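One structure is given below, encoded as structure tokens.
Every read-out reported here was derived from the displayed coordinates using simple, explicitly stated rules and does not represent laboratory data. Because the structure is a prediction, the values reported are computed rather than measured. Reconstructed Cβ throughout: ideal geometry from the backbone, glycine too, with neighbour counts over all protein chains shown.
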Amino acid sequence: MSTPSIAVLGAGANGASIGADLFDAGLDPVLIEQWPAHVEAIRRDGLRVEMPSGTRHVRPRTMHLCEVATLREPFDLVLLVTKAYDARWAAALIEPYLAPDGAIAAVQNGMTTQTVADIVGADRCVGTVIEISSTMTDPGVVHRHVDPERSWFAVDATAPRGRDVADVLSHSGEVARVDDIASAKWMKLVSNASVLVPTAALGLPMVDAIRVPGMRELMLDAGREALRVAGEHRVLPIFGLTPESIANSPDVVETMLDALYERFTVPGATTTVLQDWRKGRHSEVDDINGTVVAAGRRLGIPTPVNETIVEVGHAIERGDLEPALAALQRMQRG
């Protein structure tokens, strides 16, 4: 196909990082973002992405959400890089501007593929898995902790536009083309349940949190619960692991945790959950550990560790608890 018209809907830390990669590859993406100051900073000064290998400075096209209604030409591909809980309204917002044979790629945490498919149709949705580590505090400036060579995606190879999405994302990281995206996303959920909210609850970077006595065991227990309630989902390799490494692993959750920390986690990097809490924002706790709890209830399988993690997450978001080491004891009650 000719060069596709692309939108990145949700140009926060990860979305902006991907957008910068696509811009450098000559794909001219449009970054659509809900933080007004971020959009204006990019328009005024460009987008700066600071990576271990150096600083990238680009000037992609940007739009405020309120400007979407002014669009006249449809997009062939939309990379949806919002929070999981924003998937439904964001897909509905952009659907009128999606080409009839176009597709939205749900480049998100959580099990959002069906949510997007409900809005645009299964033939115009491409499920994906994302693993990029980045943060953003100041508008127009992204700190990407790993270069594209160490970033990773999985893309549904069976979707009508799956090949196109994989080709586009290959400019931003390694891409695995899989035939069971639901299982791949559940395996990522297992990893996320282990890491994102538990380490954020301690108020520490991921590398520091796992070193706290008792923390690694809690993280593994949360992931093992998630794996037990996987239901019909298959155990698949993610993060660049091989099928053999998974098949021969005595503890799949531990193998994935070690792979995540070895390849993607760097000193000082915090999870998206802790970044949200520090900004006073709602997190994806319900889309991650909450999804594990809901699956356990459907299947009649107890998930006490994840239930307690959700409770702690909710307490932090209510302002009843601060992210701190004391949260570990509360999570261990599960």
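For this structure, a couple of remarks:
- Taking amide H positions as modeled 1.01 Å from N, with prolines and chain starts lacking one, the residues under 5 Å from V175 and 5 or more places away or on another chain are F153.
- Taking Cβ atoms as reference points and 11 Å as the exclusive limit, the residues near W152 contribute a net charge of 0, counting Lys and Arg as +1 and Asp and Glu as -1.
- Taking W35, W277 and counting other C-beta atoms within 10 Å, the order from fewest to most: W35, W277
- The equivalent ellipsoid that matches the C-alpha gyration tensor of the range 6-179 spans semi-axes of 23, 19, 13 angstrom, in descending order.
- Rg then Dmax, both in Å and based on the Cα atoms of the chain: 19.0, 56.
- With respect to the chain, whose longest principal axis is taken over its alpha-carbon atoms, helix 36-45 is tilted by about 50°.
- The C-alpha radius of gyration of the range 113-235, expressed as a fraction of 2.2 N^0.38 Å, stands at 1.20.
- The range 182-331: C-alpha gyration tensor shape, a/c 1.5 cut-off, then a/b vs b/c: oblate
- Ordering of 317-326, 167-176 by packing [mean C-beta count within 10 Å, highest first]: 167-176, 317-326
- The amide H of S134, built 1.01 Å from its N in the peptide plane, has H145 as neighbours under 5 Å, considering only residues 5 or more places off or on other chains.
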